[in-house]
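Contents: one structure, followed by commentary.
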Amino acid sequence: MSAVAEPVPAHTLRPANRADLPAVLALLAGEEQVVDPATMVVTEAYERAFVAIDTDPRNEMLVLVDGGGAAVGCLQVTYIPGLGKGGAERALVEAVRIRADRRGDGLGRILMAQTITRARLRGCTLVQLTSNKQREDAHRFYAALGFARSHEGFKLAL
């Protein structure tokens with residue numbers, strides 16, 4: 001009897017590891033074009049930030065990888081405890097990226113759906129995010145996922 005190979009999942013969401021850092025930086029740098037991870041310079045500041053995220057149980061840098069192991073998407077989730085909502089945590093999603101040449105393939109939907117499932121399994125009662133006011137395509141995408149425009153955001157650069 002011959003062994004049947006298990007199918008390789010098309011896309012997997014997992015916590016990023018140190019080896020993923022150049023690919024994550026390339027995704028963050030490549031808003032409009034594909035950036036080769038091999039061209040990314042991983043500075044001490046990036047190293048420190050990655051270690052801080054990786055060792056904090058309330059933070060996750062997640063990568064969406066294809067069947068060949070290439071990072072095609074990423075995001076960061078911070079789990080915030082609060083006294084509102086009965087003391088439940090909320091998930092704050094930031095730095096959502098899909099590789100420029102893979103947009104429109106449904107990967108953003110996979111990335112967000114799996115992230116929402118992770119938050120729900122953790123006990124979060126809310127997933128929140130902000131998006132640049134100029135990113136109208138992203139706003140339509142988030143609305144299609146069920147996100148509501150409920151608040152006006154403010155930032156103060158320090």
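The values are calculated or read from the model by the stated rules, or taken from the named source; none is laboratory data. All figures in this text were calculated on a predicted structure; none of them were measured in a lab. FYI the Cβ positions are ideal-geometry reconstructions off the backbone, even for glycines, and counts take in every protein chain you see. Surface accessibility is based on the protein's heavy atoms, side chains included, excluding ligands, DNA and RNA. Shrake-Rupley method; radii C 1.70, N 1.55, O 1.52, S 1.80 Å.
Candidates are the residues of segment 103-134 that are of a type in the set (A, V, I, L, M, F, W, C) and out of contact with any strand residue (DSSP E or B) (no Cβ under 7 Å at 6 or more places or on another chain); the one that is least open to solvent (accessible area, probe 1.4 Å) is MET112.
Among the residues of segment 135-148, the ones that are under 17 Å from ALA100 (Cα atoms) and exposed (fewer than 15 other Cβ atoms within 10 Å of the Cβ) come to 4 in all. Counting only residues that are outside any helix (DSSP H, G or I) and out of contact with any helix residue (DSSP H, G or I) (no Cβ under 7 Å at 6 or more places or on another chain), segment 106-128 holds 4 of them.
Here VAL35 fulfils each of the conditions (1) open to solvent by 20 Å² or more (accessible area, probe 1.4 Å); (2) β-branched (Val, Ile, Thr); (3) part of a helix (DSSP H, G or I) apart from (3). What do you reckon, is ASP56 closer than 20 Å to THR115 by Cβ and surrounded by 14 or more Cβ atoms within 10 Å (Cβ to Cβ)? For ASP56, the condition - closer than 20 Å to THR115 by Cβ and surrounded by 14 or more Cβ atoms within 10 Å (Cβ to Cβ) - is not met.
Taken over segment 129-158, the residue count meeting the criterion of being under 15 Å from VAL93 (Cβ atoms), assigned to a loop (DSSP other than H, G, I, E, B) and aromatic (Phe, Trp, Tyr) is 1. Being exposed (fewer than 11 other Cβ atoms within 10 Å of the Cβ) and either assigned to a helix (DSSP H, G or I) or over 11 Å from the mean Cα position of the chain (by Cα) (or both) is a condition met by at least one residue of segment 16-25. Of all residues in segment 50-61, those that are in a loop (DSSP other than H, G, I, E, B) have Cβ atoms under 9 Å from Cβ atoms of residues that are open to solvent by 50 Å² or more (accessible area, probe 1.4 Å) and not small (Gly, Ala, Ser), 6 or more apart or on another chain, in ARG58/ILE80; ARG58/PRO81. Restricting attention to segment 72-91, and to residues there that are open to solvent by less than 50 Å² (accessible area, probe 1.4 Å) and of a type in the set (A, V, I, L, M, F, W, C), which single residue is modelled with the lowest pLDDT? Per the criteria, the residue is ALA88. Does segment 81-95 hold any residues that are without any contact (Cβ under 8 Å) to a residue 40 or more places away in the chain and either closer than 22 Å to PRO37 by Cα or in a strand (DSSP E or B) (or both), and which are they? Within segment 81-95, ARG90, ALA91, LEU92, VAL93, GLU94 meet the criteria.
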